[in-house]
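Encoded as structure tokens, the structure appears first; notes follow it.
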Amino acid sequence: MSKNNDKRTNKNTAQSIEIEASFFLLINKNDTDHTQQLAKEIDCSFIQIHFCLHESVKLLFNQGKYGIDILASKSLLLYNPTQDLPMNVELASGAQLISVLISIEKLHTFFTQEAGIIHFLNDENKDKKFYSDKAIAANESIVLSQIISHKVQPTMEKLYLKAKIYELLSLYFQPKSDAANNCPYLEEEENVEKIRTAKRIIIERMAEPPTLKELAEEIELPLAYLKDGFKQIYGDTVFNFLWEYKMEYARRMLTTKKYNVSEVSFEVGYSTASHFIAAFKKKFGITPKKYMGKI
């Protein structure tokens, strides 16, 4: 069976979280095989910062007559105090977009003493439109990956995301020379990309994944860097991340009712169905057969 089966869930996953008054986080993931569109009314008092993590997105304006592309690993800041800029976005298949919407007044309270550094907040420029596109820095990429793949109890989710958005804004607006140095080897975008490659490899080969040593050698990164970097970016060990991915992939396959338990077991890399059944029950609290019966 091809490992491309059911990799898309045929839906667009969208979250809109109000962090505080006039301060919102939007998380959009297009898990379909075709372009998806989303729209949101935004008035001229808001600054928009869009971060494209995978594939590409297009922001459309003037009823679709004008568009701005945001490619993978790029960000775009928009602000126009004289005109509303509603979000009208096209997400390519597989695209992941994180957007921060914050009023100019709210943002100004964060950076009152730094208005001279953040030049569009100073008295001379605060009423002028502003546009900035740039590459996502390595330290920003880590925080964005933690946001997009977070696994937090629902009661703590808003607090976790609030902390991460504050961290993201501090990294986004800080002068380059003051960049954080929590993990020096992750300050290099090349090393972050190697860990992203490691993630892609274990997903693509989930039925027969390489050992950690083999994976580290393949991406040309020391084993310790792979282990520490993967956990910092994705919030989990390589082993646990892959196990969680396998279980969710298996659940989606079972949901289609096109495959029996043995076929799903083989597809996600279990040599015996009994081992797969035990793992599935550990994850979801129900056997695969009973799960299919409840759908």
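For the listed peptides 230-236, 158-164, a ranking on the average number of other beta carbons within 10 Å per residue, highest first, reads 230-236, 158-164. Between 0 and 90 degrees, rounded to the nearest ten: what's the tilt of helix 154-173 against the longest Cα principal axis of the chain? Computed tilt is about 50 degrees.
Over the C-alpha trace of segment 12-178, radius of gyration and Dmax come out as 15.5, 47 angstrom.
Within the P(r) computed for segment 184-235, what percentage of the Cα pairs occupies the region above 18 Å?
Tail of the P(r) past 18 Å holds 21 percent of the pairs.
For the chain, modelled as a GNM whose springs connect Cα atoms under 10 angstrom apart, the maximal fluctuation among Ser73, Ser93, Ser22 occurs at Ser22.
Using Cα pairs under 8 angstrom and six or more residues apart, how large is the relative contact order of segment 184-235, in percent? Relative contact order for segment 184-235 comes out at 38 percent.
What the pair-distance distribution of segment 240-294 shows, using all Cα-Cα distances binned every 10 Å from zero, is 27, 65, 8 percent.
Between the Cα long axis of helix 138-148 and the first principal axis of the chain there is an angle of about 60°, rounded to the nearest 10.
Label zone of Thr256 (point 7 Å out along Cα→Cβ, amide N under 14 Å): in segment 15-32 this covers 32.
Rg and Dmax over the alpha-carbon atoms of the chain stand at 21.2, 69 Å.
Calculated mean residue ellipticity at 222 nm for the chain: -12500 deg cm²/dmol, from DSSP H runs with n ≥ 4 weighted as -39500 (n - 2.57), summed, divided by the residue count and rounded to 500. Just need the relative contact order of the chain here, percent rounded to a whole number, with Cα pairs under 8 Å and 6+ apart. Rounded, it is 15 percent for the chain.
No lab work stands behind these numbers, since they all come straight from the coordinates. If you're wondering where the values come from, they're calculated on a predicted model, not measured in any experiment. Counting neighbours? That spans all protein chains shown, and the Cβs are built from the backbone with ideal geometry, glycine included.
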